[in-house]
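Remarks on the structure that follows.
The values are calculated or read from the model by the stated rules, or taken from the named source; none is laboratory data. Everything numeric in this text was worked out from a predicted model, so none of it was measured. So basically every Cβ, Gly included, is an ideal-geometry build from the backbone, and we count neighbours across all protein chains shown.
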Amino acid sequence: MILINFFIFALSLKPTFYTNHNYFYNISVNDSIVYGATNGGVVAYNYLNNTFKVLTNTDGLKINRQQCIAIDSSGNIWVGSNNGIVQIDKSFNKIQVYPLECLPCTRVNTIYCLKDTILVGTQNGLLIIDTKGTPDNFEDDGILKIYDFQGLSSNNILTIAVDTGFWIGTDDKITRFSSDFQNYTIYGLENGLLRNYIRKIKIIDSNLYVGTDGGLNRFTGTNFDTIIMGYKIIDIEGAGDSLLLALDTLRQIGIFFQGNLTLLNSGIPYLVRINDIENFKGKWFCATGNSFKSDYFGEGIGIYDFASSQWRLIKDNCLSSNHICSITANQYGVFAAHGTRNSDARGVSWLKNDNTWQNFCQDTFVPTKFIHRCITAPDKKVWFGLHYTDSLLAISFEPENNKWYYLRQKYRGIDSTVAIWDLKFDLKNNMYLSLAGPSDKIWVYDSSLSTAYFLGDRTPGFEVELAIDSSLRVYSTVFDAAGGILMIDTKGTIFDRADDINLKYGKTDGLLSQFCSGITVDENNNVYIANDIGVSVFQNNRFEHIENFNGGVIYDVLTDDEGRVWVMADNGIYAYDINYKMLKSFTFNELNVNVEFMPVNNEIIQVQGFFYDRFRSCFWLGNENGLLKLEIVKKDTTSLDSVLIYPNPVLSGSVVRIKNIPADASVNIYSITGRKIVTNLKPNSLGEVLWHIPHNTSSGLYFALINTGSDKKVCKFAIVK
């Protein structure tokens, strides 16, 4: 019972990221493995047995989105991102983060490996690492940093090449350093370069080539000749006596031979970006992005098939998009919706119980990619809410027998709409739909979809989420300057408006803020509303508030099977005990996870997805970096089982002793109501904590919370007079 009262101190969260990792920024090939820096981690693709392995933020990377990659002479993989560099051992298991204080800048653009030397180009200078022959031991590294005042033409370094000297391409010209970095020469337009913004420098058979947005140059020894003009050159690779070139999104890839450029883009979808090309022992590879502005997903790795003269694209079967707007989970798996207001929407992904993915996006079953809501109904059907469709309103899917149902626009006489804001079900499987304009109403279908009825009045505005309590009161959150909470008390008669009571609650009624997003109802019909600055609790017809979320913006709130209240903010997850008014934080920094949310505005169409999965005892959290699983782990307190409190009971005004306390532990004392009495009591040399009880301390039951940092235990004792 005591541990239940203090449940939030006996829990931890174990994170695991699921990502789309098919958008390749940079690749490097070694033997049978293509290593890739992607939008969703670092990928190792074995092209001989067609298998993928991926490392993400929760495996030790600082962030999921990686920019560049290179392999050193020992087979270690060096990867750069906007959060520094990491080294991955050649077995692709161990990740080491390079010390940030050694970097001239954490935003890394390019990495070049040269025997025992690693050159790192950042947005604010060049880093040269001398590994001293021990690349996996950073402590003995020699470090040299070079900036513009030491010869760089610009601190923003984009590409590196090495011959007898060091060629450093930047966003403003090229600097060539001598081998000892004591002398340098700067090259630009005045030396024949087609542009000063340098995309690639490549040395092939003693020839130095430079790719820019204006074309291809070759170094003559003093100046640069023009080889190709009028093409954007992204990357350069040798291919026998030819040059393999990555070009702009229209032309994509070409081969340059004896003065002629021939396009080789067959097999690559129209306008898909080619970010990198590699020629490994006569086998050609390319790193693809997509044709959109975002990098939520990509087209994978391209391998050139010489027999058919076209590229074969290889993608891992994974999450469809790293943008997630809604989540539901059931006994059949986890569903994540990827709807956006733009053409980069990607339908829905289904993570099955065997840990494989099935994605639905403008295919035989799902004719649209604009899906921004998903929910599991009491009858186990999964419903998808749509937007931007003229004919369909929603789609249902029965995973058990693979049956689909398509709910048409205006079915049973409901209004037409451009989108469903939200859809929810009551315990009798009646379906509630919050429609956007021109309807701007809440509608309800009975469980057989034979009757439709609207509730309340037309309420223009951005309505985020619905909640229905057991007495069939319907709540809807509104997120705008005139927002708040809409409440329709149907009096249990959802198909009879005559007895309905319609109310709206705003800031003047007790809400923390009129900007309301997530909402949920517990088993006692208490209503929890996520405001942008906190959580409002509607209980016994009045509002209470949960605040102090470390400055975080609040997106969503839910309850789990044990009655715990969980809050999703932009800085972490919070657990709240409604009875003891105790708040426990699990910040993303503490969890070592990198989570990004869409900027909040009046046009968001989701709360990014936050779902408690009772089948797997975890949370699923959606954001812009993929699908984050937070497994609830109940901490083992056996290491504190020897703790003793004596005397028990103890007289008010005397001393209570807490014995067998670890040296690194601290003790807080709480009253039965959860009020903190004394904090941070430390053990003496004998491993005892002594509390001198004030004479005016009331009789009653008290709790001692022992915290070692990695372990916690709650013990009870009584004070008598």
Working only within segment 355-383, note down all residues that are within 15 Å of TRP404 (Cβ to Cβ), of a type outside the set (Ser, Thr, Tyr) and over 22 Å from the mean Cα position of the chain (by Cα).
GLN362, ASP363, PHE365, VAL366, PRO367, ALA377, ASP379, LYS380, LYS381, VAL382, TRP383
Taking the criterion of being touching a helix residue (DSSP H, G or I) at 6+ places or on another chain (Cβ under 7 Å) and outside the structural domain of ASN64 (by TED's automatic domain parsing), would at least one residue in segment 688-705 satisfy it?
yes
CYS325 touching a His at 6+ places or on another chain (Cβ under 6 Å) and within 21 Å of GLY40 (Cα to Cα):
yes
Of the residues SER320, SER343, which is within 28 Å of VAL43 (Cβ to Cβ), touching a His at 6+ places or on another chain (Cβ under 9 Å), among the polar types (S, T, N, Q) and not assigned by TED's automatic domain parsing to the domain that holds PHE292?
SER320
Out of everything in segment 253-274 that is among the aliphatic types (A, V, I, L, M) and touching a residue at least 24 places away in the same chain (Cβ under 8 Å), what residue ends up being farthest from ASP295 (Cα to Cα)?
LEU261
Does ILE693 fit the bill of being crowded, with 17+ Cβ neighbours inside 10 Å and under 25 Å from LYS634 (Cβ atoms)?
no
With the condition kept exactly as written, say whether any residue in segment 29-42 is in contact with a His (Cβ under 6 Å, 6 or more places away or on another chain) and more than 18 Å from PHE285 (Cβ to Cβ).
yes
Check segment 500-517 and report whether any residue there is more than 23 Å from LYS441 (Cβ to Cβ), loosely packed, with under 15 Cβ neighbours inside 10 Å, in contact with an Asp or Glu (Cβ under 6 Å, 6 or more places away or on another chain) and without any contact (Cβ under 8 Å) to a residue 60 or more places away in the chain.
no
Is one or more of the residues making up segment 698-717 in contact with a strand residue (DSSP E or B) (Cβ under 6 Å, 6 or more places away or on another chain) and not in a strand (DSSP E or B)?
yes
I'm told SER294 meets every condition in (1) among the hydroxyl-bearing types (Ser, Thr, Tyr); (2) in contact with a His (Cβ under 9 Å, 6 or more places away or on another chain); (3) over 22 Å from PHE610 (Cα atoms); (4) not in a loop (DSSP other than H, G, I, E, B) except one. Can you identify the failing condition by its number?
(4)
I need the strands (runs of 3 or more DSSP E) fully contained in segment 108-152, keeping only those with at least 3 residues that are within 30 Å of the chain's Cα centre (by Cα).
108-114, 117-122, 125-130
Take segment 166-224 and flag every residue that is part of a loop (DSSP other than H, G, I, E, B), of a type in the set (D, E, K, R) and in contact (Cβ under 8 Å) with a residue 12 or more places away in the chain.
ASP171, ASP172, LYS173, ARG195, ASP205, ASP213
Checking the condition among the small types (Gly, Ala, Ser) and buried (at least 18 other Cβ atoms within 10 Å of the Cβ), which residue from GLY84, GLY60, GLY75 passes?
GLY84
Only unsatisfied item for ASN191, checking (1) touching a Leu at 6+ places or on another chain (Cβ under 8 Å); (2) of a type outside the set (D, E, K, R); (3) buried (at least 16 other Cβ atoms within 10 Å of the Cβ), is (1)
Selection from segment 404-429 of residues that are loosely packed, with under 13 Cβ neighbours inside 10 Å and polar (S, T, N, Q):
SER416
Quick one: LEU627 ticks every box in (1) in contact with a strand residue (DSSP E or B) (Cβ under 9 Å, 6 or more places away or on another chain); (2) modelled with pLDDT under 90 except a single one, so which number is it?
(2)
Please enumerate the residues belonging to segment 68-93 that are free of Cβ contacts under 8 Å to residues at least 40 places away in the same chain and over 21 Å from the mean Cα position of the chain (by Cα).
LYS90, SER91, ASN93
Only one of (1) in a loop (DSSP other than H, G, I, E, B); (2) touching a Gly at 6+ places or on another chain (Cβ under 7 Å); (3) not hydroxyl-bearing (Ser, Thr, Tyr) does not apply to ALA307, and that is (2)
Across segment 443-487, the tally of residues that are more than 30 Å from the chain's Cα centre (by Cα), part of a strand (DSSP E or B) and closer than 17 Å to GLY518 by Cα stands at 4
Restricting to segment 614-628, name every residue that is in contact (Cβ under 8 Å) with a residue 40 or more places away in the chain and surrounded by 20 or more Cβ atoms within 10 Å (Cβ to Cβ).
PHE619, TRP620, LEU621, GLY622, ASN623, ASN625, GLY626, LEU627, LEU628
Just to check your reading of the model, which residue among ASP316, ASP305 is surrounded by fewer than 18 Cβ atoms within 10 Å (Cβ to Cβ) and not polar (S, T, N, Q)?
ASP305
Taking segment 156-204 only, how many residues are hydrophobic (A, V, I, L, M, F, W, C) and within 15 Å of ASP235 (Cβ to Cβ)?
7
LEU250 vs. criteria part of a strand (DSSP E or B) and out of contact with any Cys (no Cβ under 9 Å at 6 or more places or on another chain)
no
For SER470, all conditions in the list (1) farther than 18 Å from VAL521 by Cβ; (2) in contact (Cβ under 8 Å) with a residue 24 or more places away in the chain hold save one; what is the number of the exception?
(1)
